[in-house]
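The values are calculated or read from the model by the stated rules, or taken from the named source; none is laboratory data. None of these values were measured; they are calculated from a predicted model. Here the Cβ positions follow ideal geometry from the backbone for every residue, glycine too, while neighbour counts run over all protein chains shown.
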Amino acid sequence: MIEVFQNRGKARGKVKMPTYLTMAICFIWLFTALFADQLANELPLTCKIDGQRHFPAFRETFSKVTGQSSPRIYYLGKKEKMESVVRAPIPYSPQTIDRANAGYKSPLGPQNISSQRYRHWLGTDGMGRDVLAGLIHGSRVALIIGLLSVMAAMLVGVLFGAAAGFFGDQRWRLNILEIAGGTMILTVGLYLLYLQLDYGGSWLYLSGWLLASTALVYLWSSTVKTRMRAALSGLGISGTMGIPLDLILLRLIEIFRAVPSLFILLALLAIIESPGILEMSLIISLLMWPAFARYTRAEFLSLREQEFVQAAQLLRRSKNYIIFREIMPLAIPPIAVAAAFGVSSAILAESTLSFLGIGFSAEQVSWGSMLNEARLYFRAWWLAVFPGMAIFAVILSMNSLGDYISKQKTTGIKMLD
Amino acid sequence: MRNYLLKRVLLFLPTLFVISLVVFFLSKIIPGDPAERLTGILSIEGDEHFDRGAMTNYQRTYRHLGLDRPLFYFSIHPRAREAHFRDIERPAIRKNIKQLMYETGQVDLVRSYFEAGKALSRDIQFQLYECDAAVFWSDFEHQFNRAGSKAAVAEITKNALLFMPAEKCGFHPSVKDVVKYGNEIASAERPFGWWVPKLSWHGTQNQYHHWLAGIFSGDWGYSLRDGRSVGSKIRNSIGYTLSISFFSLLLTFAVGIPLGMFLATTKRKRYKELLRTVVYALYAVPLFWLATLLVVFFTTEEYGKWTNLFPSPSQIMLHTMDGDAGFFQGMSYLLLPVLCLASGGVAFVARQMEQTALRESASRYIAMSRLKGNSEVVTIWRHLFPNAVFPLITLLGALIPGLISGSVVIEVIFNIPGMGRLMWDSIFGQDWNVVFAILFIGAILTLVGQLMADILYARANPKVRYD
């Protein structure tokens with residue numbers, strides 16, 4: 001289990017770092033991540049080919065967003081024909097191999113370049129790739145990993161934690177027939193899914209998931225439930241049973257705590273060969289959701305005993321209303337704190353994996369994989385220092401952002417009291 | 001208290017069961033074949049006509065490892081196919097049989113067909129030489145092993161009549177069988193209801209039971225990579241990890257607690273702010289970056305004569321492999337790893353300590369102590385410190401599993417053959433016996449750590465009651 005948030009509620013009082021530094025780091029990070037293709041690219045920002053104006057670097061971003069094939073090969077082939085070229089500030093892409101500067105060129109030492117415009121400001125690696133370009137494009141990877149994995153982990157963790165905290169072991173009561181029906185539908189859905197995986201027919205896949213999701217909808221939707229209940233009590237069946245949500249959640253958390261996250265990570269990475277950014281974020285979020293579930297559960301446990309909840313219950317507000325409209329707004333600040341710490345630990349996890357050489361495939365540049373190269377060649381201090389500084393700065397800013405929000409949280413609660 | 005502990009232990013048993021299931025099935029999903037690895041065969045499917053000796057060797061290993069048994073006590077599967085095909089050693093044939101069963105829905109028929117095919121490929125070698133069948137159809141076995149659909153089976157059946165005509169081979173019984181079953185398969189229609197689930201009970205002769213029984217009887221098995229017993233492998237590496245963990249823990253608390261107390265109680269603003277910033281930054285430094293920086297700058301003479309302060313990771317590996325490092329030399333190897341591990345811990349402990357101390361110092365008993373005229377030293381160390389330090393006990397409990405399993409990152413960077421490194425290598429080498437053993441020990445230690453933290457917490461603070 002990735003622990004996202006080791007000092008919950010204790011970071012009150014001072015914000016330990018000037019927040020303008022935090023904000024500056026965050027803005028630079030966002031800026032480089034958004035405009036990576038324009039900041040560091042071997043394709044020019046704009047140029048003329050056969051009298052026609054082209055914007056290759058922007059075309060590249062566009063193709064990435066829309067999922068088209070990259071214009072890179074086309075433009076690299078037209079290199080000689082380009083006129084009135086405006087280059088990107090760093091005229092290298094992270095994967096550009098500058099053969100003349102291969103073999104770890106220091107940022108301070110002499111470089112084999114035609115003019116200062118082509119200088120590798122932070123040096124090169126063994127193959128001659130520019131370190132600064134890698135840093136800029138790595139910031140995009142870090143941002144996507146951080147945000148995606150936290151969002152996925154929050155979606156699961158907050159919902160599960162809220163349900164477990166609010167309902168506990170007894171308060172979500174279902175009619176015995178409802179439970180039986182729901183379990184049956186779920187079992188059939190899972191069986192059909194298994195059949196699909198085992199055999200390989202597509203209609204089974206679809207119907208299996210349709211059935212499984214209708215089961216979930218069925219369990220959640222209160223209209224179906226009330227109708228069922230009326231019909232059942234008409235038949236004289238009224239036995240209900242509490243669903244032990246809290247017990248299930250606590251056991252799950254215990255399991256995630258007892259199995260080392262390294263094992264789960266390695267196992268999943270072995271199953272998914274050469275994971276992309278999306279797969280990586282999902283794997284990290286799988287290890288992170290228990291933390292979110294734990295904090296949300298704790299918040300809901302304490303909040304559900306408050307008077308405003310009882311008032312809402314007296315007003316016969318629905319359970320969905322009480323959970324999402326009454327309690328959730330008060331639980332958001334601590335969850336936001338956890339999210340800020342979550343971003344930093346997701347980035348830490350990804351860069352550690354890439355550093356160990358088990359993360360992305362070799363073409364995908366990330367800060368961790370750049371650091372990995374520093375272990376091969378000790379003289380190249382720039383490979384060890386700069387990517388690590390980037391990771392450090394981002395983690396530091398995210399941590400202090402979390403502290404900042406948690407300080408806001410305490411004042412917010414005080415105002416409520 | 002006793003009831004509480006008993007409840008915790010009892011609740012942990014089902015968790016342990018689920019953990020064992022998760023770990024076991026994850027290890028089965030991960031691609032790779034332990035028997036291939038153990039026999040040194042690169043891929044039994046890769047070579048078209050590979051050596052029969054190697055195949056026999058592979059089959060023997062496969063059975064010896066118990067891979068021919070079903071995975072679990074029972075299995076649920078569609079009526080059209082058998083519960084499992086693990087008695088067949090070659091994965092490609094397993095897949096074909098499954099596919100054929102799905103296409104025809106006739107379990108017994110497909111099995112008989114494959115038995116007949118096996119008999120025929122044996123007979124082509126030993127009995128059908130006289131009628132030149134081997135010359136006619138030398139690659140029968142190859143074709144047969146590749147037939148994974150009704151159409152392919154029909155093709156083979158046709159070829160069987162073509163290549164081994166009755167006048168030459170006298171319709172050898174195995175040829176007859178292949179033709180008969182092949183024709184039946186080619187014309188078979190899948191009966192309605194082939195997808196109806198069926199439960200098969202396998203009893204205790206399954207891989208999971210075998211593995212669990214081995215663990216509980218103290219037989220942890222042998223490493224699948226080098227054949228050494230798992231116990232001896234763990235015994236070899238636990239020493240490194242324990243010493244690193246012990247010293248780094250000692251350093252963490254020896255520095256972190258006084259630092260935290262100092263931060264909470266000092267009146268000197270400038271020192272406080274400086275130290276706070278350092279601690280805060282240290283807390284955010286990625287462990288692997290710190291380790292890399294230390295290795296890059298302080299283990300070689302690249303950056304001046306004096307920077308070669310510590311032994312480099314490759315040196316550490318050489319010496320630990322020989323096992324000839326003396327005590328002091330061994331300690332010098334542990335210096336950097338211990339420093340790295342402790343730095344993050346110090347920051348964490350200091351922050352925790354500072355926060356609890358700040359919270360406690362607002363209490364009335366502190367004001368009371370000052371009012372009584374106690375000196376500041378007595379107030380802080382006699383009254384504040386004991387109350388502020390005991391929440392750290394829960395931290396100690398959380399650290400116990402880490403003591404044994406170690407820090408993988410540190411052990412990989414510094415080439416220390418400890419438990420983390422062993423686990424790392426074993427997962428990559430698919431050495432499941434070793435991985436399982438480490439995970440099992442880790443899971444139990446997690447429980448023990450939590451329980452110990454609970455007990456110590458109750459001992460240290462009589463106000464705490466577990467009901």
Output the number of the condition that B:Ala154 fails; it satisfies all remaining conditions of (1) under 26 Å from B:Ile438 (Cβ atoms); (2) assigned to a helix (DSSP H, G or I). (1)
Of all residues in region A:361-417, which are under 24 Å from A:Leu268 (Cβ atoms) and at pLDDT 80 or above? A:Gln364, A:Val365, A:Ser366, A:Trp367, A:Gly368, A:Ser369, A:Met370, A:Leu371, A:Asn372, A:Ile391, A:Ile395
Counting only residues that are touching a helix residue (DSSP H, G or I) at 6+ places or on another chain (Cβ under 8 Å) and loosely packed, with under 15 Cβ neighbours inside 10 Å, region A:306-316 contains a total of 2
Residues to consider are B:Ser229, B:Ser237; find the one that is farther than 30 Å from B:His77 by Cα, at pLDDT 85 or above and touching a Phe, Trp or Tyr at 6+ places or on another chain (Cβ under 6 Å). B:Ser229
Within region A:276-286, can you find the residues that are in contact with a helix residue (DSSP H, G or I) (Cβ under 7 Å, 6 or more places away or on another chain) and within 14 Å of another protein chain (Cβ to nearest Cβ)? A:Ile283
Name the single residue that is farthest from the chain's Cα centre (by Cα) among those in region B:157-166 being closer than 15 Å to B:Asp177 by Cβ, at pLDDT below 80 and not in a loop (DSSP other than H, G, I, E, B). B:Ala166
Output yes when any residue across region B:396-414 is assigned by TED's automatic domain parsing to the domain that holds B:Leu287 and farther than 30 Å from B:Leu16 by Cα, and no when none is. yes
Among the residues of region B:268-286, how many are part of a helix (DSSP H, G or I) and surrounded by fewer than 18 Cβ atoms within 10 Å (Cβ to Cβ)? 12
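What are the residues in region A:255-275 that are facing chain B (nearest Cβ under 7 Å), part of a helix (DSSP H, G or I) and hydrophobic (A, V, I, L, M, F, W, C), if any? Even if it seems obvious, please write down each step before you answer.
Of region A:255-275, the ones facing chain B (nearest Cβ under 7 Å) are A:255, A:257-260, A:262-263, A:266-267, A:270-271.
With the extra rule that they be part of a helix (DSSP H, G or I), the set shrinks to A:255, A:257-258, A:262-263, A:266-267, A:270-271.
Matches in region A:255-275: A:Ile255, A:Ala258, A:Leu262, A:Phe263, A:Leu266, A:Ala267, A:Ala270, A:Ile271.
Give me the helices (runs of 4 or more DSSP H) completely within region B:368-467, filtered to those with at least 2 residues that are over 30 Å from B:Asp33 (Cβ atoms) and charged (D, E, K, R), ordered by residue number.
On the way: elements: B:385-389, B:392-405, B:408-413, B:419-428, B:432-460.
Qualifying helices (runs of 4 or more DSSP H): B:432-460.
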Only one of B:Ile438, B:Ile427, B:Ile380 that is touching a Ser or Thr at 6+ places or on another chain (Cβ under 8 Å), crowded, with 19+ Cβ neighbours inside 10 Å, aliphatic (A, V, I, L, M) and within 12 Å of chain A (Cβ to nearest Cβ): B:Ile438
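Could you count how many residues in region B:75-93 are within 14 Å of chain A (Cβ to nearest Cβ) and not in a loop (DSSP other than H, G, I, E, B)?
If we filter region B:75-93 for residues that are within 14 Å of chain A (Cβ to nearest Cβ), which is where we start, we get B:75-85.
Narrowing further to those that are not in a loop (DSSP other than H, G, I, E, B): B:75-78.
Counting residues in region B:75-93 that are within 14 Å of chain A (Cβ to nearest Cβ) and not in a loop (DSSP other than H, G, I, E, B) gives 4.
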Looking for whichever is under 30 Å from A:Asn320 (Cβ atoms) and among the hydrophobic types (A, V, I, L, M, F, W, C) here; the options are A:Leu159, A:Leu108, A:Leu143. Which one fits? A:Leu159
Filter region B:94-114 down to residues that are more than 14 Å from chain A (Cβ to nearest Cβ), in contact (Cβ under 8 Å) with a residue 60 or more places away in the chain and not aliphatic (A, V, I, L, M), then give me how many there are. 3
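Where in region A:29-108 are there strands (runs of 3 or more DSSP E), lying fully within it, with 2 or more residues that are within 23 Å of A:Leu132 (Cα to Cα) and without any contact (Cβ under 8 Å) to a residue 60 or more places away in the chain?
Numbers: elements: A:46-49, A:52-54, A:82-86.
Output list reads A:82-86.
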Taking the stated definitions as given, is A:Leu252 in a helix (DSSP H, G or I) and within 14 Å of another protein chain (Cβ to nearest Cβ)? yes
Residues located in region A:311-354, provided they are in contact with a Ser or Thr (Cβ under 7 Å, 6 or more places away or on another chain) and of a type outside the set (A, V, I, L, M): A:Ser318, A:Glu350, A:Ser351, A:Ser354
If we scan region B:387-405, do we find a residue that is away from every other protein chain (no Cβ under 14 Å) and free of Cβ contacts under 8 Å to residues at least 40 places away in the same chain? yes
Considering only residues that are touching a Leu at 6+ places or on another chain (Cβ under 8 Å) and either under 25 Å from A:Leu147 (Cα atoms) or not hydrophobic (A, V, I, L, M, F, W, C) (or both), which ones fall in region A:297-338? A:Arg297, A:Glu299, A:Ile327, A:Leu330, A:Ala331
Criterion first (in contact (Cβ under 8 Å) with a residue 24 or more places away in the chain and crowded, with 23+ Cβ neighbours inside 10 Å) does B:Gly420 satisfy it? yes
The lone condition B:Leu259 fails out of (1) modelled with pLDDT under 90; (2) more than 14 Å from chain A (Cβ to nearest Cβ) is (1)
